[in-house]
């Protein structure tokens, strides 16, 4: 199930990041910290264009079909890319194991990723962020540093997605939504929605 792309304003999207850290002060005044798994979650707040009654109800129908937080959905990355990204034919050059942070990409001729760009991999539900700038060499290979660490293993030959070819797997942040509008009014309105990544890596 895909979020309707024509109902997103990329210039008014907000990206959030959340980790879970366990910390408790000891009697000696120290605060040891522990990561709860490697839990990480992306959050998105999107603003729609100004919608008339018909388009507002189309969006409401989509949200209603999700049954609150129950159903996951895909949404195309609304955050503009910084680098030029990698071409559609780029693939993973070397199998990367779970918890890896360095990924080697091949067939990325002319590819360039910048710190802050988003990246994802085929058959893999998690989205990652590029930490350091990286450019492809003359052989089309590119080594990229990502965060968080890989949620699961990615295999050699798998497709690499960047920029607006990245899709988040999301869920809404609550079970109850209300839409206030007047069907007789010609006034259009913007709506703001919060969602969070369904996969916590």
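Each reported figure results from applying straightforward, stated rules to the coordinates on display, with no laboratory input. All figures in this text were calculated on a predicted structure; none of them were measured in a lab. Cβ atoms come from the backbone with ideal geometry, glycine included; neighbour counts cover every protein chain shown.
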message = Output the 0 to 90 degree angle, nearest 10, between the alpha-carbon long axis of helix 53-65 and the longest principal axis computed from the alpha carbons of the chain.
response = 60 degrees
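Among bridges DSSP assigns within the range 80-165, what percent are antiparallel (round to 5)?
Working: 18 of 18 bridges.
Expressed as a percentage, antiparallel bridges in the range 80-165 total about 100.
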query = If we restrict to alpha carbons, what Rg and Dmax does the chain come to, in Å?
reply = 19.6, 66
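So what is the diffusion coefficient of the range 80-165 in µm² per second by Stokes-Einstein at 37 °C and 0.692 mPa s, using a Kirkwood Rh over Cα pairs? Spell out each step's value before the answer.
Values: Rh = 12.2 Å.
It diffuses with D of about 268 µm²/s by this estimate.
Counting each DSSP H run of 4 or more residues in the chain as -39500 (n - 2.57), what helix-only mean residue ellipticity at 222 nm follows after dividing by all residues, to the nearest 500 deg cm²/dmol? Please report the intermediate quantities before stating the final value.
Details: 1 runs with 13 residues, N = 201.
One gets -2000 deg cm²/dmol as the mean residue ellipticity at 222 nm.
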remark   = When 178, 197, 171 are arranged by how many other beta-carbons sit within 10 Å of their Cβ, fewest first, they go 178, 171, 197
note = Per-residue Cβ contact counts at 10 Å, fewest first, order 17, 104 as 17, 104
task = Based on other C-beta atoms within 10 Å, arrange 126, 54 from fewest to most.
result = 54, 126
ask   = Distance in nm between label sites at residue 133 and residue 22, each 7 Å beyond Cα in the beta-carbon direction?
value = 4.0 nm
query = Between residue 12 and residue 54, what length comes free when the chain is fully extended (0.36 nm per residue of separation minus the Cα-Cα distance, one decimal in nm)?
reply = 12.9 nm
query = In nm, to one decimal, how far is the modelled label at residue 101 from the one at residue 143, with both set 7 Å along Cα→Cβ?
reply = 1.4 nm
